[in-house]
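The values are calculated or read from the model by the stated rules, or taken from the named source; none is laboratory data. Since the structure is predicted, the reported quantities are computational estimates derived from the model, not experimental observations. As a convention, Cβ positions derive from the backbone with ideal geometry for all residues, glycine included, and neighbour counts pool all protein chains shown. Protein only, heavy atoms only, side chains kept; ligands, DNA and RNA dropped before computing areas. Shrake-Rupley method; radii C 1.70, N 1.55, O 1.52, S 1.80 Å.
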Amino acid sequence: MSGFSPEWLALREPADQRARSRDVFAACAAAFKDRADLNICDMGAGTGASVRALAHLLPARQTWTLVDHDAANLTASRDALRAWADRAEMEGDALILHHQGQRIVVSTRVQDFAKAPRCWNEDTHLVTASALFDLASAGWIARFTDALVKERVGLFATLTVDGIMQAVPEHPLDTHVFTRFRDHQTGDKGFGPSAGGEAARLLEEALVARGYHLTAGDSPWILENTDAALIAALIDGIAGAAGETGMAAGQLENWRAARRLDTHRLVIGHRDVFAVPT
């Protein structure tokens, strides 16, 4: 597993699905319950997990534009969405999905929105993003919210890291390793110095300051024995990131080996937010 490959996204998707904030999801469903159709732009779409997670909340007719900088992820999204749908066909360049009585039109676009956050069409009603904003800088988040507010578009942002990390049983090096990992999270991921664990707070404060009404809630990953493969991948990733900050290799290997042998629970904190203009 590396980066944001289709394999990594598939491994994390079940944990993502369980972690969603019920209050935030309910607020989104209520906001659009009287609409017949909705246009959505999904930023950093990956393999289309947001469609699979959110479609049931939204009107019967949906039009999604999946935007990602990685063409391989968008290609994988079509296969994953075909497998998820009850029926699917192509109509020109668009994928038409029929799922539980809904008709969902999906198009994809390769775009790097690191420099210019706005990547949605003029007729977009809702922008969605999952596990994106902690990669971005504080300045990028401000530019993004400025663009969103200018066009009075709603936002449904899920799984933004909030900095909480806990493991059971505890290991003497947990605090040190997790601190190093958080330091690594603030490196440049293509958007400037990343906000990391501060991203959720920065995003929510920026939206409130610009007059949006928010429903926000915690959406932690709570990973246990049935998530062994994801836990192992996370432990390796955390150790690798901590190592890049200069932590001693021997200490890290001892921590990694102990954690892979005995981790009953791993909690990674996130926040979800649904925001609409007032």
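The residues of segment 237-249 that are open to solvent by 20 Å² or more (accessible area, probe 1.4 Å) and in contact with a helix residue (DSSP H, G or I) (Cβ under 7 Å, 6 or more places away or on another chain), listed by number, are G243, E244, T245, A249.
When V267 is tested against (1) more than 25 Å from D23 (Cβ to Cβ); (2) assigned to a strand (DSSP E or B); (3) among the hydrophobic types (A, V, I, L, M, F, W, C), exactly one condition is not met: (1). Restricting attention to segment 159-191 and to residues that are free of Cβ contacts under 8 Å to residues at least 60 places away in the same chain, under 29 Å from F113 (Cβ atoms) and out of contact with any strand residue (DSSP E or B) (no Cβ under 8 Å at 6 or more places or on another chain), the residue that is surrounded by the fewest Cβ atoms within 10 Å (Cβ to Cβ) turns out to be D188.
At least 1 residues being touching a residue at least 60 places away in the same chain (Cβ under 8 Å) and hydroxyl-bearing (S, T, Y) is the threshold, and among the helices (runs of 4 or more DSSP H) wholly inside segment 1-72 those reaching it are 49-54. Could you list, in sequence order, all residues of segment 84-104 that are more than 22 Å from L9 (Cβ to Cβ) and in contact with a Phe, Trp or Tyr (Cβ under 9 Å, 6 or more places away or on another chain)? Those that are more than 22 Å from L9 (Cβ to Cβ) and in contact with a Phe, Trp or Tyr (Cβ under 9 Å, 6 or more places away or on another chain): none in segment 84-104.
Taking the listed residues L252, L214, the one that is more than 20 Å from D183 (Cα to Cα), surrounded by 14 or more Cβ atoms within 10 Å (Cβ to Cβ) and at pLDDT 95 or above is L214, with no other qualifying.
If you filter segment 33-83 down to residues that are of a type in the set (D, E, K, R), farther than 17 Å from H98 by Cβ and in contact with a Phe, Trp or Tyr (Cβ under 8 Å, 6 or more places away or on another chain), you find that the one that is modelled with the highest pLDDT is D42. Take the conditions (1) at pLDDT below 95; (2) assigned to a strand (DSSP E or B); (3) small (G, A, S); G190 misses just one of them, which is (2). Residue check: is A71 open to solvent by 10 Å² or more (accessible area, probe 1.4 Å) and farther than 20 Å from W120 by Cβ? Criteria not met by A71. When A147 is tested against (1) under 29 Å from E198 (Cα atoms); (2) of a type in the set (G, A, S); (3) under 19 Å from the mean Cα position of the chain (by Cα), just one condition goes unmet, and that condition is (3). Of the residues making up segment 83-130, just one is open to solvent by 70 Å² or more (accessible area, probe 1.4 Å) and among the β-branched types (V, I, T), namely V110. Restrict the check to segment 129-148 and report whether at least one residue is of a type in the set (D, E), at pLDDT 95 or above and over 21 Å from T65 (Cβ atoms). Yes, segment 129-148 contains at least one residue that is of a type in the set (D, E), at pLDDT 95 or above and over 21 Å from T65 (Cβ atoms).
When A80 is tested against (1) in a strand (DSSP E or B); (2) over 30 Å from P193 (Cβ atoms); (3) open to solvent by 20 Å² or more (accessible area, probe 1.4 Å), only condition (1) is not met.
Would you check if there is a residue in segment 208-220 being without any contact (Cβ under 8 Å) to a residue 40 or more places away in the chain and under 21 Å from L159 (Cβ atoms)? Yes, some residue in segment 208-220 is without any contact (Cβ under 8 Å) to a residue 40 or more places away in the chain and under 21 Å from L159 (Cβ atoms).
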